[in-house]
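See below for the structure under consideration.
Throughout, read-outs are computed from the coordinates displayed, never taken from laboratory work. Please read all numbers here as calculations on a predicted model, not as lab measurements. Don't worry about glycine lacking a Cβ; one is built from the backbone with ideal geometry, like all the others, and counts go over all protein chains shown.
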Amino acid sequence: MNATKVVSDSAVITWRNVMNVRRNPDWLLGATAFPIMFVLLFAYVFGNAIGGAGADGGAAYREFLIAGIFAQTVAFNSSYTVIGFANDLQKGIIDRFRSLPMSRLAVLVGRTTADQVLSVVVLVVMTVCGLLIGWRIHSGFLDALLGYLMILLFAFALSWVGAYIGLVARSVEVANSAGLIWMFPLTFVSSAFVPQESLPGVLGSIADWNPFTAAVNATRRLFGNESPPGWPEPSGWPAENAALYAILSCIVIIAIFAPLATARYSRVSS
């Protein structure tokens, strides 16, 4: 396979998918409105109950919260990958791509890359939202950049899961449910909103080894955001090596689901 051709074909598909978002601004609105509502809900409705108001009026919990919201936002954005592939299959666009002299991998790479463009835009919006409610980055520029790259790497890994689910679903109606249902245990059984040590029994063990928890913990450290006073610090190998574990998890997810998605694409488009 010619690598140059794969890159050029992927760029064309990426541009096509980005233009689809531009022509359907409700996608972007949905991708940003949902996490903003989560920020306001957890920061001001549940925040005092979860984090305790304290002398700082809950500011410590809001700083703890934002990294989790960032990770949750890009994780849920993978549902757009699911819906995008299901929509293209249902409308016969995948069949048209199959008839063109282009790389099969380009369709998959183009879709997942375009969704990273959406994730970047959403992260910019969420950063502004976080700054407005008092969140701040307390580390240097390089660490902050690495924190954002950690989030985007995790988003890219999950987009391959979304690609596979979208190609299996084959209808938008099924994709709407299949693209979201697995996201709730992934994001809520984690340290996104509460310390993982507060989760009981088996849930605590799942949260400890949940790649989502590792990505959130690593991002918090890179941003210099600490847990609210009195909260237990995460312990265990995944917590102590959060960045390494998150990166390894992303590599494993891509290594599993990229070939699965590619094989599935070859079957459904043949």
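General observations
- Inter-part distance where the range 147-175 and the range 204-227 are each reduced to a Cα centre, Å: 20 Å
- Kirkwood Rh, angstrom, the range 1-42 [1 / mean 1/r, Cα pairs]: 12.5 Å
- Across Pro185, Pro211, Pro35, mean-square fluctuation computed from a Gaussian network of the chain (C-alpha pairs under 10 Å connected) peaks at Pro185.
- Taken about its Cα centre, the chain carries a charge dipole of roughly 1160 debye when the Cβ of each Lys and Arg holds +1 and the Cβ of each Asp and Glu holds -1.
- Estimated at 0.36 nm per residue, the fully extended path between Ala263 and Leu142 surpasses their Cα-Cα distance by 39.8 nm.
- Mean Cβ neighbour count within 10 Å, used as a protection proxy, ranking 10-18, 219-227 highest first: 219-227, 10-18
- Derived value for the range 158-238: Kirkwood hydrodynamic radius 14.2 Å. Basis is the mean of 1/r over every pair of different alpha-carbon atoms.
- Axial C-alpha extent at least 27 Å, average Kyte-Doolittle at least 1.0 - helices from the chain (DSSP): 104-132, 141-169, 242-268
- Percentage relative contact order, the chain, counting C-alpha pairs under 8 Å, at least six apart: 27 percent
- Part-to-part distance (alpha-carbon centres) for the range 1-40 and the range 70-143, which is given in Å: 5 Å
- Under the convention that each Lys and Arg Cβ holds +1 and each Asp and Glu Cβ holds -1, the size of the dipole of the range 124-233 around its Cα centre is about 220 debye.
- Protection proxy ranking of 247-260, 60-73, 111-124, by the mean of other Cβ atoms within 10 Å over each peptide's residues and highest first, is 60-73, 111-124, 247-260.
- Stokes-Einstein translational diffusion, the chain - Kirkwood Rh over all Cα pairs, 0.692 mPa s, 37 °C, in µm²/s: 171 µm²/s
- Computed 3J(HN,Hα) for the range 133-138, one whole-Hz value per residue from the Karplus formula 6.51 cos²θ - 1.76 cosθ + 1.60 where θ = phi - 60°, is 9, x, 6, 9, 8, 9, glycine and proline marked x.
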